[in-house]
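The block underneath contains the structure these notes are about, expressed in structure tokens.
The values are calculated or read from the model by the stated rules, or taken from the named source; none is laboratory data. These figures come from a predicted structure and were not determined experimentally. Methodologically, a virtual Cβ is constructed for each residue, glycine included, from the backbone with ideal geometry; neighbour enumeration extends over all protein chains shown. These area figures cover heavy atoms from the full protein model, side chains too; ligands, DNA and RNA do not enter into them. Shrake-Rupley method; radii C 1.70, N 1.55, O 1.52, S 1.80 Å.
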Amino acid sequence: MFGSAVGVWAQDIPKWELYGGYSEYLAGGGIAGEKELPTNGVQVELDRVVTSYFRVAGQFNAQFADHVVNLAPLPPGGMHYNSKELLGLFGPEATYRGLKKFDIYGHFLIGLAYGRDNQVPVIPTATYTTWAYAVGGGIDMKLGSRVSARLLGFDWITTHFPVNSPEAQDNWRLTSGFVFHLGK
């Protein structure tokens, strides 16, 4: 009887979770002479739920801005505009599902960051690919058995673009969107 109760409890946990939403990225921390500049973007995350308290997360994040941090030195009179940053991160995520209406999570993710900085009057544009890591967490509000709203996700992301080397750039990301629970 106890074994069948454990089987019923395990069925409440989805096998996969898919997140999609908006992200606000404050880029440029740690670069001398640069202030943190906000960028707008989208984030998609696919999680494989291993247990009720552990999942493996894979994230893709795309950020776009009319003006963002200097990834490369500019010639005199040059300007930066129309920049983007792409992040692909992967890693473990701890989840607490014990609350009635909310799920709380925290993670450490590592992966790659790609930055592109269009410069005027310099052609071609400056592009760099480097490694990055993120430490963060958030809170999801349960709307039903198949969907939750991510009220707030936050990450401290460190990138290692070759500006100000060997120092890294510290960035903040805030996210909000919807989580879909798949395959119970």
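A few remarks follow.
- Residue in the stretch 144-153 that is at pLDDT below 90, assigned to a strand (DSSP E or B) and β-branched (Val, Ile, Thr) present: no
- Condition check for Pro124: more than 21 Å from Gly41 (Cα to Cα), open to solvent by 20 Å² or more (accessible area, probe 1.4 Å) and modelled with pLDDT under 85: yes
- Criterion violated by Glu45 - all others in (1) open to solvent by less than 80 Å² (accessible area, probe 1.4 Å); (2) among the charged types (D, E, K, R); (3) modelled with pLDDT under 80 satisfied: (3)
- For the stretch 152-165, the tally of residues that are touching a Phe, Trp or Tyr at 6+ places or on another chain (Cβ under 8 Å) and open to solvent by 10 Å² or more (accessible area, probe 1.4 Å) stands at 4.
- Among the residues of the stretch 72-94, those that are modelled with pLDDT of 85 or more and either over 14 Å from Leu112 (Cα atoms) or not in a strand (DSSP E or B) (or both) comprise Pro92, Glu93, Ala94.
- Hey, Val69 surrounded by 13 or more Cβ atoms within 10 Å (Cβ to Cβ), β-branched (Val, Ile, Thr) and at pLDDT 95 or above or not: no
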